[in-house]
Amino acid sequence: MGFLAPSNRQKTSSKSEKYQGEATMESTFIMIKPDGVQRGLIGEIISRFEKKGFYLKAMKFITVERSFAEKHYADLATKPFFGGLVEYIISGPVVAMVWEGKDVVATGRRIIGATRPWEASPGTIRGDFAVEVGRNVIHGSDAVESAQKEIALWFPEGVSEWKSQMHPWIYEV
C-alpha cells in the first residue's frame, strides 16, 4: 500500500496515545493592520486560517487609541521606528482576532510569512500582499507567551468557547 506514508512520530509509553513532538492546542493573536483592512484583505486572511483548520475564537473590528497602541507595542518602545509604528496602527481600523489550533503560533507565523516582505515566501500572506515592512498587512504573536499577553490585552472579556463539528476531520482525536 504505497499510498499510506508511515508516521514519523513515535508513540510515548503513556496510555493517552500521545506522540513525541505532537503539538498541543494553543491560541494566538492575529491582527490585520490598517493597510490590510483598507486593501480589502480581511476575507482572504481569515480564509487562509480557516482553510488550515484553525478555529476563530474572537474577533473585533476596531480603531485603536494611541495609548492602547503604545501598550500593545511597549516592547518596541526604545526602537527608532516606534513612533511611526504607533501612528500607522492608529491610522485606520484593524481586525483583532484570536485563533486556536495545534501549534497555531508557529504555524500562524509561517502562514503570515517573514516580517520583511521581500524575504517572505510566495504563498504566505506577506509574500503575496506586502511590499514594505511598514505596510506588511498583518501581525501575529511570535510565541505562546506573547500570544497569551496580547490576547489578555485585546480581549479582556475572554473568547468564545466552541468546538467546530469539523474537529474530528482536521485533528486526530
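The values are calculated or read from the model by the stated rules, or taken from the named source; none is laboratory data. Computed from a predicted model, the values in this text were never measured in an experiment. All Cβ positions, even for glycine, are placed from backbone atoms using ideal geometry, and neighbour counts span all protein chains on display. Remember, those area values only see protein heavy atoms, side chains included, never the ligands or the DNA or RNA. Shrake-Rupley method; radii C 1.70, N 1.55, O 1.52, S 1.80 Å.
Summary table
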| read-out | value |
| --- | --- |
| Residue list for the range 79-116, restricted to those being open to solvent by 40 Å² or more (accessible area, probe 1.4 Å) and hydroxyl-bearing (Ser, Thr, Tyr) | Ser91, Thr115 |
| Spans of helices (runs of 4 or more DSSP H) in the range 109-173 with at least 3 residues at pLDDT below 95 and of a type outside the set (S, T, N, Q) | 167-170 |
| Every residue from the range 143-163 that is under 16 Å from the mean Cα position of the chain (by Cα) and either surrounded by 14 or more Cβ atoms within 10 Å (Cβ to Cβ) or among the basic types (Lys, Arg) (or both) | Val144, Ser146, Ala147, Gln148, Lys149, Glu150, Ile151, Leu153, Trp154, Phe155, Val159 |
| Pairs where the first residue, in the range 137-154, is within 11 Å of Val105 (Cα to Cα) and touching a residue at least 40 places away in the same chain (Cβ under 8 Å) and the second is not in a helix (DSSP H, G or I) and not hydroxyl-bearing (Ser, Thr, Tyr), C-beta under 6 Å, 6+ apart | Gly140/Ile30; Ser141/Phe29; Val144/Glu26; Ala147/Phe29 |
| Test: residue in the range 87-94 that is assigned to a helix (DSSP H, G or I), among the hydroxyl-bearing types (Ser, Thr, Tyr) and within 20 Å of Lys33 (Cβ to Cβ) | yes |
| Any hit, the range 45-58, residues being among the charged types (D, E, K, R), surrounded by 18 or more Cβ atoms within 10 Å (Cβ to Cβ) and in a strand (DSSP E or B) | yes |
| When residues of the range 126-137 are limited to those that are over 15 Å from the mean Cα position of the chain (by Cα) and within 15 Å of Tyr73 (Cβ to Cβ), the one surrounded by the fewest Cβ atoms within 10 Å (Cβ to Cβ) | Gly134 |
| Residue satisfying condition, being closer than 19 Å to Glu44 by Cα, crowded, with 22+ Cβ neighbours inside 10 Å and small (Gly, Ala, Ser), within set Gly123, Gly140 | Gly140 |
| Scan of the range 1-44 for residues that are in a loop (DSSP other than H, G, I, E, B), at pLDDT 95 or above and surrounded by fewer than 17 Cβ atoms within 10 Å (Cβ to Cβ), ordered by number | Arg39, Gly40 |
| Candidate set from the range 61-78 (those that are assigned to a loop (DSSP other than H, G, I, E, B) and either within 20 Å of the chain's Cα centre (by Cα) or among the aromatic types (Phe, Trp, Tyr) (or both)); member that is surrounded by the fewest Cβ atoms within 10 Å (Cβ to Cβ) | Tyr73 |
